[in-house]
Structures are given as structure tokens and as C-alpha cells.
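The values are calculated or read from the model by the stated rules, or taken from the named source; none is laboratory data. Not measured: the values here are computed from a predicted model. Because the Cβ atoms are built from the backbone with ideal geometry, glycine has one as well, and the counts that use them run over all protein chains shown. Accessible surface areas use protein heavy atoms only, side chains included; no ligands, DNA or RNA. Shrake-Rupley method; radii C 1.70, N 1.55, O 1.52, S 1.80 Å.
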Amino acid sequence: MKVIITKDYEEASDKMFEEMKEFLVPGKVLGLATGSSPLGLYARMVKDHKENGTSYKDIKTFNLDEYVGLPLTHPESYYAFMHTNLFDQIDIPEENTHVPSGLGEDLEGQAAHYEEMIRENPIDIQVLGIGSDGHIAFNEPGTDFNSLTHVTDLLEPTIRDNARFFDFDMDKVPHQAVTQGIATILRAKKIILIGTGENKAKAVKAMVEGPITEECPASILQKHDNTVIVVDEAAASLLSK
Ligand code: F6R
């Protein structure tokens, strides 16, 4: 894995966009994440679309995850997040965008169908953030490295971290999610991960320098042969070199 250390979040977002730029061409399949970390990247993609006319008409996207039980219209659903922060501001056709469904009777069946769609549309570049507990997508510590898209329980650190989007009320945060599995993510041809801020420093150290263990899901990225990790100085502060 290649590690790029930047001064701050803005510079990290610039680097993420540099990595992404060559994939913004017809026929590519982008794997996308939600949360605070990729917002700077998405702002740069929107700016590039508006100023340079980069078109998404023939690009497909697959998101990593979605909360269970939130209506699509809920502002914190990942479906709404993606529309607000990216899809509604570029020219991508709705049918080219995919966010796993966290609604309905047969969540596992829908997850299997989502997995199948990704198999049929292999992801060229996958954007990731990292949880303070080392999760990628919603694969929490202890998740099987062979996991595929599945329904999962969120652990307390993640619920606590995400309470900031739900009036700081942990009871309002959904306790389950549908997520791409670790094996699903590893099939992406290229992976770019952004981690910024002191809150991510421990997880970043475990990901980059720790043993490859299911206790730190992100550590498996050490085995992926085309992964770029972009971290700011605060998130890199515990790295030994
Ligand atoms: C979101 C996702 C999560 C986040 C992680 C970091 O789609 O997959 O793994 O990337 O929880 O979240 P932020 O960026 O909000 O710190």
C-alpha cells in the first residue's frame, strides 16, 4: 500500500481527486463511500463537472453501505447523502447509481442481489473512509475477511461516532446496516482511502503497520496490490515513519 501524508483535509481531498480523475471517463465503475471523509472529494468532482464539463452519463456507481430502516427521504440515509452531495449535482443518470437497500422484508436476499450486480460490474476504483475502530464500509472488527454484501450490527464506537449526524442521540442512530463485505471491497481494481483527524490516528496505525487481523478490518488492505492511503498529519501522527 502506498501512503500519502498531507498537511490537512483540503490537501488530502486534492490528492483523492488526483487519484480519481483518470477514472472519470465513459465505461468506468466507481465505488463510493459516505460520511464526512469523502465530502471534499465529491465537492471537487462537482466543481470539475461544472467547470470542465466532465460527464458521468456513461459512468456507473456502487455505494458501500446503507443504514437499515431509514426511509430514502431521511436526510441521513446514505441514498439521500449521495444525492445531496454528488448525484444531483452531476449528470449521472439515476439508473447508473446504486446504493444498497436497507428497507424491505428480505434484506439478505437484496444484499445477495447487490453482490451479484457488483460481480457483473467490477469496480475500477473504490473510495473508502476508515472508522475510528478500523472498520471499512460497515465491516466492524471481527468481520470475516471472506464476507460478501450482508446485513450487520453496528458496534458502539461506530454508533457513538455517527450520533453527530442524529442530534448527538445514540438512540436515533440505526443499529444495523447493509454493507459490502470485505471480500467484495478487495475485488476493486484500485482502492483509495482517506483518513483525517486525530480520531483516526490509532486506526490508521493499525491499518498500515499492525498485523493483518480481523480485529482491524482495514489491515487487510495491506494485501491489496493497488491501494493508496491518503492521511493528514493528525491521522498519521502515530505512524513510526
Ligand atoms: C461510509 C462508510 C464508513 C465511513 C467511516 C468513516 O460509507 O463506509 O466506513 O467511511 O465510518 O466515517 P467518517 O468519514 O464520517 O469519519
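A few comments on the model shown:
- Picking from residues in segment 21-61 that are of a type in the set (A, V, I, L, M, F, W, C) and in a strand (DSSP E or B), the one that is surrounded by the fewest Cβ atoms within 10 Å (Cβ to Cβ) is 29.
- Among the residues of segment 143-168, just one is in a loop (DSSP other than H, G, I, E, B), among the acidic types (Asp, Glu) and more than 21 Å from residue 79 (Cα to Cα), namely 144.
- Matching entry among 136, 159, 118 (being more than 13 Å from the ligand (Cβ to nearest atom) and open to solvent by less than 20 Å² (accessible area, probe 1.4 Å)): 118
- For segment 214-221, the criterion of a residue being part of a helix (DSSP H, G or I) and over 30 Å from residue 29 (Cα atoms) is satisfied by no position.
- Pair list, Cβ under 7 Å, 6 or more apart: segment 197-209 residue modelled with pLDDT of 95 or more, other residue among the acidic types (Asp, Glu) and within 12 Å of the ligand (Cβ to nearest atom): 203/133
- Residues of segment 107-143 satisfying the condition of being under 15 Å from residue 97 (Cα atoms) and among the polar types (S, T, N, Q): 121, 126
- When segment 139-156 is limited to residues that are surrounded by fewer than 17 Cβ atoms within 10 Å (Cβ to Cβ) and among the acidic types (Asp, Glu), the one that is farthest from residue 63 (Cα to Cα) turns out to be 156.
- Once segment 208-237 is narrowed to residues that are in contact with a Lys or Arg (Cβ under 9 Å, 6 or more places away or on another chain) and among the hydrophobic types (A, V, I, L, M, F, W, C), the residue that is nearest to the ligand (Cβ to nearest atom) is 235.
- The condition (being in contact (Cβ under 8 Å) with a residue 60 or more places away in the chain and within 13 Å of the ligand (Cβ to nearest atom)) is satisfied by just one residue among 36, 101: 36.
- Checking each residue in segment 181-197 for being within 12 Å of the ligand (Cβ to nearest atom) and open to solvent by 40 Å² or more (accessible area, probe 1.4 Å) picks out no residue at all.
- All conditions in (1) within 16 Å of the ligand (Cβ to nearest atom); (2) part of a loop (DSSP other than H, G, I, E, B); (3) hydroxyl-bearing (Ser, Thr, Tyr) hold for residue 73, with the sole exception of (1).
- Residue within segment 69-77 that is closer than 27 Å to residue 157 by Cα and crowded, with 23+ Cβ neighbours inside 10 Å present: no
- Residue satisfying condition, being closer than 28 Å to residue 219 by Cα and not aliphatic (A, V, I, L, M), within set 69, 131, 109, 104: 131
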